[in-house]
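Below is one structure, written out as structure tokens, with a few remarks after it.
The values are calculated or read from the model by the stated rules, or taken from the named source; none is laboratory data. This one's a predicted model, so the numbers in the text were calculated from it and none came from an experiment. All Cβ positions, glycine included, derive from the backbone under ideal geometry; neighbour counts span all protein chains shown.
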Amino acid sequence: MEDTEKTEEIQVIAPTDKVTDENWEPKIIAFLCNWCSYAGADLAGVSRIQYPPNVRVVRVPCSGRINPLFILKSLQVGWDSVLVSGCHPGDCHYISGNYYARRKFSVLDDLFEFMGIDKGRVNFSWVSAAEGAAFANIIEKVTEKTRKLGPNRLFKEL
């Protein structure tokens, strides 16, 4: 009997710059909910609210659909920090997606601590479509937190 089960291949693109201590700037990947957080990021851009350019955005349908392996793979391929942001609890366009995300991320915090991943490397937030300034503020905080932690060397080849 053939094995018909398919495994999902995760393709997370690595940051392109080679890291040296002299030119290091944090590289942050952000998985943003299409309906709220991505719209909040768009509002920040349209409103010309300044925030650090260290973040690269990946738009996802819902924060509840983020596979924890996306986060681990992002850190493995060299991103210094990961941000996952979705709709505020109770405001999800998919009714309960952000509740699933909140539970999932609570468990992930404990798992990441067990694995030795610094607390500030993985960040979770809630941003609505009308909170462009709040999005910019979150990016500033995540960037500063990542600067204090330094380059991600957890998965560096020996």
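Can you tell me which residue in the stretch 49-93 is farthest from residue 154 (Cα to Cα), limited to those that are assigned to a loop (DSSP other than H, G, I, E, B) and of a type in the set (S, T, N, Q)?
50
Tell me which residues, restricted to the stretch 47-69, are among the hydrophobic types (A, V, I, L, M, F, W, C), over 13 Å from residue 131 (Cβ atoms) and either modelled with pLDDT of 95 or more or surrounded by 20 or more Cβ atoms within 10 Å (Cβ to Cβ) (or both).
Selection gives 55, 57, 58, 60, 62, 66.
Does the stretch 53-73 contain any residue that is among the small types (Gly, Ala, Ser) and in contact with a Lys or Arg (Cβ under 7 Å, 6 or more places away or on another chain)?
No, there is no match, as no residue in the stretch 53-73 is among the small types (Gly, Ala, Ser) and in contact with a Lys or Arg (Cβ under 7 Å, 6 or more places away or on another chain).
Can you name the condition, by its number, that residue 139 falls short on among (1) β-branched (Val, Ile, Thr); (2) over 16 Å from residue 32 (Cβ atoms); (3) not in a loop (DSSP other than H, G, I, E, B)?
(2)
Considering only residues that are part of a helix (DSSP H, G or I) and of a type outside the set (A, V, I, L, M), look in the stretch 32-48 and name the one that is nearest to residue 86 (Cα to Cα).
37
Scan the stretch 112-133 for residues that are over 16 Å from the mean Cα position of the chain (by Cα) and in a helix (DSSP H, G or I) and jot them down.
113, 114, 115, 132, 133
List the number of the failed condition for residue 118; all other conditions in (1) in contact with a helix residue (DSSP H, G or I) (Cβ under 8 Å, 6 or more places away or on another chain); (2) buried (at least 20 other Cβ atoms within 10 Å of the Cβ) hold.
Against the list (1) in contact with a helix residue (DSSP H, G or I) (Cβ under 8 Å, 6 or more places away or on another chain); (2) buried (at least 20 other Cβ atoms within 10 Å of the Cβ), residue 118 comes up short only on (2).
Across the stretch 99-158, what is the total count of residues that are among the hydroxyl-bearing types (Ser, Thr, Tyr), touching a residue at least 24 places away in the same chain (Cβ under 8 Å) and farther than 16 Å from residue 24 by Cβ?
The qualifying residues number 4.
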